[in-house]
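Just so you know, all these numbers are worked out from the coordinates, no wet-lab data involved. What you see is a predicted model, and the numbers here were worked out from it, not measured in a lab. Note that we place each Cβ from the backbone using ideal geometry, even for glycine, and neighbour counts take in every protein chain shown.
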Amino acid sequence: MTLLRFNTPFLTLIALFFLFHTNSYAQDYATSAEKVNPVLISSTIPDVSVKNTDGKNLNLRDLVKEQPTIFVFYRGGWCPYCNSHLADLKTIEEDLSKEGYKVYAISADRPELLKQTMTKNELTYTLLSDAPMTAAKAFGIAFKMDDKTVERYKSFDIDIEKDSGYDHHLLPAPAVFLVDQEGTIKFSYVNPNYKERIDGGILLAAAKAFN
């Protein structure tokens, strides 16, 4: 029997190879909202783009250069908890503006659906589309719904494939990121429980604290 022997540097290289190989094929979304891994406070926001209501690409890093920004990720206009949250944000939008902040709410909805949500909730801040979930993945908050839940939602006349235009079955864990003009995340709130959202008063206090 031939016995193979390897020195320590060689084994280290092998270990690094498998580590890199594994990470390069790692999923960029979680299997549930409880397992998301959001980007950290003090890190720079990802270099990604989303679409406005007209389907125009907007780069998030370019948006924050204009003024401090609050990015709000919500599931979609079909979600009653999201609509309540969007309405709550409307009540503090003026105060946030006085503090120098711009609000953008991002969902998996197609661009053409955003206007419906804005009209329904009488919103004046900007809604953006992340239908392919590129931004949510980059922020570490994307997760895949299981098939059973997808079918259950359809029984409630909620078709996330139709609303996004994709069959990825991905949604964002509801999240808020407060970002300065350098693109640095100063504050974040991510909750895997879609029924729980950050209180408007707390968000306003955080915005004032990091102004």
**Message:** With 10 angstrom as the radius, rank 139, 210, 156, 187 by how many other C-beta atoms surround their C-beta, starting from the fewest.
**Reply:** 156, 210, 187, 139
**Asked** For residue 147 and residue 112 in the same chain, what is the full-extension length gain: residue separation times 0.36 nm, less their Cα-Cα distance, in nm?
**Response** 10.0 nm
**Prompt:** How many angstrom separate the Cα center of the range 111-161 from the Cα center of the range 174-211?
**Reply:** 20
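Just to be sure I understand: if I project the alpha-carbon convex hull of the chain onto a plane and average over all orientations, what area do I get in nm²? Working shown, then result.
Working: hull surface 63.0 nm².
Computed as one quarter of the Cα hull surface, the answer is 15.7 nm².
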**Request:** May I ask you to list the residues of the range 179-211 whose amide nitrogen lies under 15 Å from a point 7 Å from Cα along the Cα→beta-carbon direction of residue 158?
**Result:** 192-197
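Within the set of other residues whose C-beta is less than 11 Å from the C-beta of residue 206, count the net charge using Lys and Arg as +1 and Asp and Glu as -1. Numbers along the way, then the final one.
Values: positive: 186, 208; negative: 99, 199.
Once all neighbours under 11 Å are counted, the net charge is 0.
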**Request:** Express as a percent, rounded to the nearest 5, the fraction of DSSP beta bridges in the range 30-209 (both residues included) that run antiparallel.
**Result:** 65
**Item:** Inter-label distance, nm, simple model (7 Å from Cα along the C-beta direction), residue 32/residue 119
**Value:** 3.9
**Asked** With θ set to phi - 60° and the Karplus curve 6.51 cos²θ - 1.76 cosθ + 1.60, what are the ³J(HN,Hα) couplings of the range 76-82 in order, to the nearest whole Hz, using x for Gly and Pro?
**Response** x, x, 7, 8, x, 5, 5
**Complete:** Non-local residues with an amide H under 5 Å from the amide H of residue 143, with H modelled 1.01 Å from N and Pro and chain starts lacking one, are 30, 171, 173
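Rank the residues 88, 47 as a footprinting-exposure proxy: fewest other Cβ atoms within 10 Å of their Cβ go first.
Numbers: 88 15, 47 11.
Ranked by crowding around the Cβ, least crowded first: 47, 88.
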